[in-house]
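Participant: I'd like to ask you about the structure that follows.
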Amino acid sequence: MNTSIVSEQQHRKLHPHKFALWVAIASILMMFAGLTSAFIVKSNQAGWRTFVLPGIFWVSTVLILASSLTMLMAIKAFKSRGMRQYRGLLGITFLLGAAFVICQVIGFNQLWNSNVQFKGASGAGQFFYAIAGLHAVHVIGGVIALLVIFLKSIAGKTKSYDAVPVEVMGMYWHFVDLLWLYLMIFFIILG
Amino acid sequence: MSDTLHIQHGVASHGHSGEPHVHHHKETFISKYIFSMDHKMIAKQFLVTGIIWAIIGGLFSVLFRLQLGFPDQSFPILETFFGRWAEGGKIKPEFYYALTTMHGTVLIFFVLTAGLSGTFANLLIPLQVGARDMASPFMNMLSYWMFFAASIVMLSSLFTQTGPAAGGWTVYPPLSALGLASQGSKSGMDLWIIAMTLFVASQLLGGLNYISTILNMRTKGMSMTRLPLTIWALLFTAILGVLSFPVLLSGLVLLMFDRHLGTSFYLSDIFVAGQALPNEGGSAILYQHLFWFLGHPEVYIIIMPTMGLASEILAINSRKPIFGYMAMIASLMAICVLAFLVWAHHMFVTGMNPFLGSVFVLLTLLIAIPSAIKVFNWITTIWRGNIRFTPGMLFAIGFVSIFISGGLTGIFLGNSTIDIHLHDTMFVIAHFHIVMGVSAFFGMFAGIYHWFPKMFGRYMNNTLGYIHFWVTIVCAYLIFWPMHYQGFAGMPRRYLDKSSWVSFGQFHSLDAMITVVTIIVFAVQLMFVFNYFYSMYKGRRVRTQNPWDATTLEWTTPIHPGHGNWDGEIPEVHRWAYDYGKDGRDFIPQTEPVGENESSH
Ligand code: HEM
Ligand SMILES: [Cu+2]
């Protein structure tokens, strides 16, 4: 049984799942565009408070960049049928992703302890919690997906060499990575 | 369930082998009617849920119209049903605000967005582009169930101790952010936000599917410019939704922060009951920007599908090709782009820089151009046509009439100087109920009457359909036309009791008339609902595959299509969707190859 939903003539086009992910990415981007433009509008108003980004966010940046790299290599391994290598790299990507989330949480805590809190006056810090928090939620979604396809690849039932699911995973993962880079630069310049 | 999915896949990938795989698997009650992945069943689920919500939302308006029409009267029956919300048979202020808020929320989002797009995108996209199902039937099912969950949460908010959200359908802070400020800003508001979050998730899942199905799953020969206009309209609707709903979500997330974590995104220098709150530096206007960035596209999310439905129904029942097919697509596209650029016309009186205001005036008035093009093309399509006045056709013509009336008042409001006088008056209520509420309902009714045979293999009752149409169009104008005068006189919207203004005394009997008409028109809608359910089981049977002599692909499927739509191969398409009255032939289906000496269109 063919598990592809595309018919012959559609093979030349972008796979519908990849296409759907592109649209979803556009949609998620709109949410963050909304939030960051809200930030810009607000930062021009009186009573705005800035904050200093704790250093640990640099660590998480390195982690997520590295995870993008391992994801790339995992897909390459998959395509050249190096399944053992693929599994290993996927596992590393998963661990790096999880480590990223942990670093974010630690960073939020440090920020909180340096007296950037929810109560009282508005400011960059409050936006940072909301925006970076929402980003972390998207990463957690990706980490869970990574875990699922990792476990599937170990369980070994899948004889499938269909690269589409893995590529879709990779696309999403690079997206959350680039999104974080954008947010990091945004907060360094404007925070 | 996964079985269904696999067979579905098998069907799609063997689309050209010619074997009917469709009936191989047994469907259980649950997989067929509840957790169905068949787009046609999901469409019906959306429609029935939408109908239930429409009855609830409509009933709310009857209730608050009682207050507006007869402010001095008491209705003991209200106390029987609503207890302390209507003590002594009079609607309490909190109840009134809850009713108007829920009326707006339910009808705009649950009925005219989910109920409308959900029904017709699901029903028509695969059938008209020639696909076995959506790109992802599973996500499609999830979309419905997210909507269902949103419905349950919203419904449950009606039964909380402090009642549902009550700050208007736009839930502006600071009111909506401060539980201390009103009854309706307590738990009902949280449930509102949760329900809307689920709702947005449902819309995104649906929209993703609609877009990728239209762009990726068209049958052989179905180029984009051969698509029926319904599909184009649904495509732009989905694009608008996918790009604007997330922005609403971001606004709601910040609202939740302000409500529960003490942040000051929207709050600043506020006193509640004489107590100063610690919030500083927030801006309530920020919320308005985020809200209307969705809010304006949202109104086009509501109207664009009905533009598509009306285009199709008008052409079929005039037996003429649609006039200006390309112009119709271009104007949909222009509306789609402009819809993102005009949101601040809802905010002319928020202290916006007048220069900025004038930019938004210009962009807003530009929307009148594509809208006018569409209207012109619809009228030209039916002009000297061989018109069949089916109920669907009547509603489609009514749609055009009402869209014109309401669009004209938009031009008043779009001028910021006039809007200073008209903002937040009954004029705005009249404008958007006519241009969006009533005309979208007309488009939706047209669609239901027209595609009912495809949905259920039966016709709806025509006589009831004619009564439905005539009573509804007369009542709609009777209700909303006079509201313009009230608005010109400065009568504010959302007010419970205007008796302290002597000058509004002149409108007492007018308001009473509007209320009486509202009750009549509500009853007639119940008659429509009766017609719908009665015809589902007892309606006249459809005997031919193509009862309307239409050209599009959905009428090449069996009268009761199974999951997979076509028994054999998916037909190939050779021409556009509007070959009516061509070369002396009444209509030529899209599946017929172009003849040798056929004239080109
Ligand atoms: C010629 C085209 C149109 C123009 C120039 C226009 C302009 C406006 C303006 C300026 C307002 C704000 C009024 C105020 O609050 O003071 C408004 C409100 C509104 N319009 Fe339109 N409009 C047009 C067409 C439409 C269409 C086609 C729809 C829906 C399908 C629509 C739906 C609404 C709604 C729902 C509101 C009120 C929202 C609220 O405050 O609760 N309008 N319109
Ligand atoms: Cu608008």
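The values are calculated or read from the model by the stated rules, or taken from the named source; none is laboratory data. Given the structure is predicted, the values throughout are model-derived calculations rather than measurements. Heads up: the accessible areas ignore ligands, DNA and RNA and are worked out on the full protein's heavy atoms, side chains in. Shrake-Rupley method; radii C 1.70, N 1.55, O 1.52, S 1.80 Å.
Participant: Considering only protein heavy atoms and a probe of 1.4 Å, how much of the accessible area of the stretch A:16-190 is carbon and sulfur, as a whole percent?
Facilitator: Whole-percent figure for carbon plus sulfur exposure: 71.
Participant: So what is the accessible area of the stretch B:37-574 per residue, in Å², with the probe set to 1.4 Å?
Facilitator: Per-residue accessible area for the stretch B:37-574 comes out at 34 Å².
Participant: Given the options A:LYS79, A:LYS119, A:LYS42, which has the most mean-square fluctuation in a GNM of chain A, springs set between C-alpha atoms less than 10 angstrom apart?
Facilitator: A:LYS119
Participant: Quick one: which residues, 5 or more positions from B:ARG458 or on another chain, have an amide H under 5 Å from its amide H? H modelled 1.01 Å from N in the peptide plane, none for Pro or chain starts.
Facilitator: B:VAL542
Participant: Now a separate question. Given the C-alpha centroids of the stretch B:273-311 and the stretch A:112-191, what is the distance between them in whole angstrom?
Facilitator: Here the two parts' Cα centres lie 27 Å apart.
Participant: Okay, moving on. For the pairs B:LYS186/B:LYS498; B:LYS44/B:LYS374; B:LYS454/B:LYS538; A:LYS18/B:LYS454, note any where the Cα-Cα span goes beyond 24 Å.
Facilitator: Checking Cα-Cα distances, B:LYS186/B:LYS498; B:LYS44/B:LYS374; A:LYS18/B:LYS454 exceed 24 Å.
Participant: Roughly how many Å² of A:ASP177 are accessible to a 1.4 Å probe, to the nearest 10?
Facilitator: 10
Participant: Still on this model: Taking a probe of 1.4 Å and counting only protein heavy atoms, give the total accessible area buried between chains B and A in Å², rounded to the nearest 100.
Facilitator: 3300
Participant: Separate question: Calculate log10 I(q)/I(0) of the stretch A:16-190 for q = 0.13, 0.15, 0.16, 0.18 Å⁻¹, where I(q) comes from the Debye formula with a single equal point scatterer on each Cα and nothing for solvent.
Facilitator: Relative scattering, expressed as log10 I(q)/I(0), comes to -0.69, -0.85, -0.94, -1.11.
Participant: Hey, another quick one. For the stretch B:405-423 and the stretch B:440-487, what is the separation of their Cα centres, given in Å?
Facilitator: 26
Participant: Compute accessible area for the stretch B:290-330 by itself and then with all protein chains, 1.4 Å probe, and report residues whose area falls by 20 Å² or more.
Facilitator: Listed by number, the residues meeting the 20 Å² cut-off are B:LEU290.
Participant: Applying the Karplus parametrisation 6.51 cos²θ - 1.76 cosθ + 1.60 with θ = phi - 60° to the phi angles of the stretch B:221-238, what ³J(HN,Hα) value in whole Hz is obtained for each residue in order, glycine and proline being reported as x?
Facilitator: x, 7, 6, 4, 7, 9, 5, x, 5, 3, 5, 4, 4, 5, 5, 5, 4, 5
Participant: Give a residue-ordered list of calculated ³J(HN,Hα) values for the stretch B:239-253 (Karplus: 6.51 cos²θ - 1.76 cosθ + 1.60, θ = phi - 60°; whole Hz; x for Gly, Pro).
Facilitator: 4, 4, x, 5, 8, 10, 4, x, 5, 4, 4, 4, x, 6, 4
Participant: Residues with amide H under 5 Å of B:MET491's amide H, sequence separation 5 or more or different chain, H placed in the peptide plane at 1.01 Å from N; which?
Facilitator: Placed amide hydrogens put B:MET426 under 5 Å from B:MET491.
Participant: Let me ask something else. Straight distance only, please: which lysines reach the Cα of A:LYS42 with their own Cα at less than 18 Å, same-chain residues fewer than 8 apart left out?
Facilitator: A:LYS119
Participant: Here is a follow-up. Let a ≥ b ≥ c be the square roots of the eigenvalues of the Cα gyration tensor of the protein assembly as shown; is it rounded (a/c under 1.5), or, if not, prolate (a/b larger than b/c) or oblate?
Facilitator: Cα axes put the protein assembly as shown in the oblate bin.
Participant: Amide H to amide H, which residues 5 or more places from B:VAL272 or on other chains are under 5 Å from it, using H placed in the peptide plane?
Facilitator: Result for B:VAL272 returns B:LEU277.
Participant: In chain B, carbon and sulfur make up what percent of the accessible area (probe 1.4 Å)?
Facilitator: On chain B, the fraction of accessible area on carbon and sulfur atoms equals 67 percent.
Participant: From the Cα gyration tensor of the stretch B:444-535, with a ≥ b ≥ c the square roots of its eigenvalues, which class applies: rounded if a/c is under 1.5, or else prolate if a/b is larger than b/c, or else oblate?
Facilitator: Judged from the Cα gyration tensor, the stretch B:444-535 comes out prolate (a/c at least 1.5, a/b above b/c).
Participant: Report, in degrees rounded to the nearest 10, the 0 to 90 angle that the Cα long axis of helix B:368-382 makes with the longest principal axis of chain B.
Facilitator: Helix B:368-382 sits at roughly 40 degrees to that axis.
Participant: Under a 1.4 angstrom probe, counting protein chains only, how are B:THR100, B:THR417 ranked by accessible area, largest first?
Facilitator: My answer, sorted largest first, is B:THR417, B:THR100.
Participant: Further question: Please determine, in degrees from 0 to 90 and to the nearest 10, the orientation of helix B:116-129 with respect to the longest principal axis defined by the Cα atoms of chain B, where the helix direction is its Cα long axis.
Facilitator: Helix B:116-129 and the main axis of chain B meet at about 20 degrees.
Participant: Can you grab the distance from the C-alpha centre of the stretch B:513-555 to the C-alpha centre of the stretch B:212-233, Å, no decimals?
Facilitator: Measuring centre to centre over Cα atoms gives 28 Å.
Participant: So what is the calculated 222 nm ellipticity per residue for the protein assembly as shown, using -39500 (n - 2.57) for each DSSP H run with n of 4 or more, over all residues, to the nearest 500 deg cm²/dmol?
Facilitator: -21500 deg cm²/dmol
Participant: OK, next. Step by step: find N for the stretch B:338-392, compute 2.2 N^0.38 Å, then divide the Cα radius of gyration by it. What's the final number?
Facilitator: 1.75
Participant: Right, another one. Return the residues of the stretch A:89-134 for which accessible area with all protein chains present is lower than in the chain on its own by 10 Å² or more; set the probe to 1.4 Å and exclude ligands, DNA and RNA.
Facilitator: Listed in order, they are A:PHE118, A:LYS119, A:GLY120, A:ALA121, A:SER122, A:GLN126, A:PHE127, A:ALA130, A:LEU134.
Participant: Helix B:462-488: angle to the longest alpha-carbon principal axis of chain B, degrees 0 to 90, nearest 10?
Facilitator: So the helix axis and the longest Cα principal axis differ by about 30 degrees.
Participant: Continuing with this model, one more query. Based on the alpha-carbon gyration tensor of chain B and its eigenvalue square roots a ≥ b ≥ c, which shape applies: rounded if a/c is under 1.5, prolate if not and a/b is larger than b/c, or oblate? List each step's numbers first, then the result.
Facilitator: On the way: a/c = 1.69, a/b = 1.56, b/c = 1.09.
Here chain B falls in the prolate category.
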